[in-house]
Amino acid sequence: MDKCISDHKVIVFELPYCKPKLVKRTITCRKKNIDNQALGTDIQRAAEDMKNDYNKNLVDTYNRKLKQLLDIHAPLKTRIVTDRPSAPWMTSHIKELKTERRRAERKWRSTNLCIHKKIYRDLNRKLKNAIETAKKYFYCHKIELEECVTYNKALYNVANTLSGKGGSSSPEPGFHS
């Protein structure tokens, strides 16, 4: 149970709702680390082949040959990516900490040294504290808004959002029931 939500006794229950399907999209990209020298040589060879070709479609021919060369040296790769909504308390500082922690974890797993493990654990603890602080600030700020203090309806809307009954069909990310 997330200790940022309440300091009272926990009530566990099931809500009769279905999580919305996450949107999937297809992305296409080429790898960046290609052999530039080999590509340059092939482009020069293709340009020399086209020197004697004086037709109206010279630009189209050049573009077609260049695309063929790119497909040989850096073929298109297609993947399906799931778009996930980010948590409302996610900040750039937390993203940087996650990146730094992941880098430290890779270093520790590759070297297997105790010092790298300690660095990874320290960053893990630092990230956990940063997320906890950001969640507390987010929820406290949301509840302490003047609207919530003045109007009970606004406070109930925040409570409904926290419990998963609010404007969205699913609870806030990170809320476990």
*Test LYS107 against the stated conditions and say whether it is closer than 26 Å to ASN33 by Cα, in contact with a His (Cβ under 6 Å, 6 or more places away or on another chain) and at pLDDT 95 or above.*
yes
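Residue by residue, here is whether (1) modelled with pLDDT of 85 or more; (2) touching a Ser or Thr at 6+ places or on another chain (Cβ under 8 Å) holds:
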position: GLN37; (1), (2): yes, no
position: MET50; (1), (2): no, yes
position: VAL59; (1), (2): no, no
position: PRO88; (1), (2): yes, no
*Could you check, for the range 69-86, whether at least one of its residues is in contact (Cβ under 8 Å) with a residue 12 or more places away in the chain, among the hydrophobic types (A, V, I, L, M, F, W, C), closer than 30 Å to ALA134 by Cα and in contact with a Pro (Cβ under 6 Å, 6 or more places away or on another chain)?*
no
*Breaking point among (1) at pLDDT below 85; (2) closer than 30 Å to ARG121 by Cα; (3) surrounded by fewer than 11 Cβ atoms within 10 Å (Cβ to Cβ), for ASN55*: (2)
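The values are calculated or read from the model by the stated rules, or taken from the named source; none is laboratory data. Given the structure is predicted, the values throughout are model-derived calculations rather than measurements. Neighbour counts run over all protein chains shown; Cβ positions are idealised from the backbone, glycine included.
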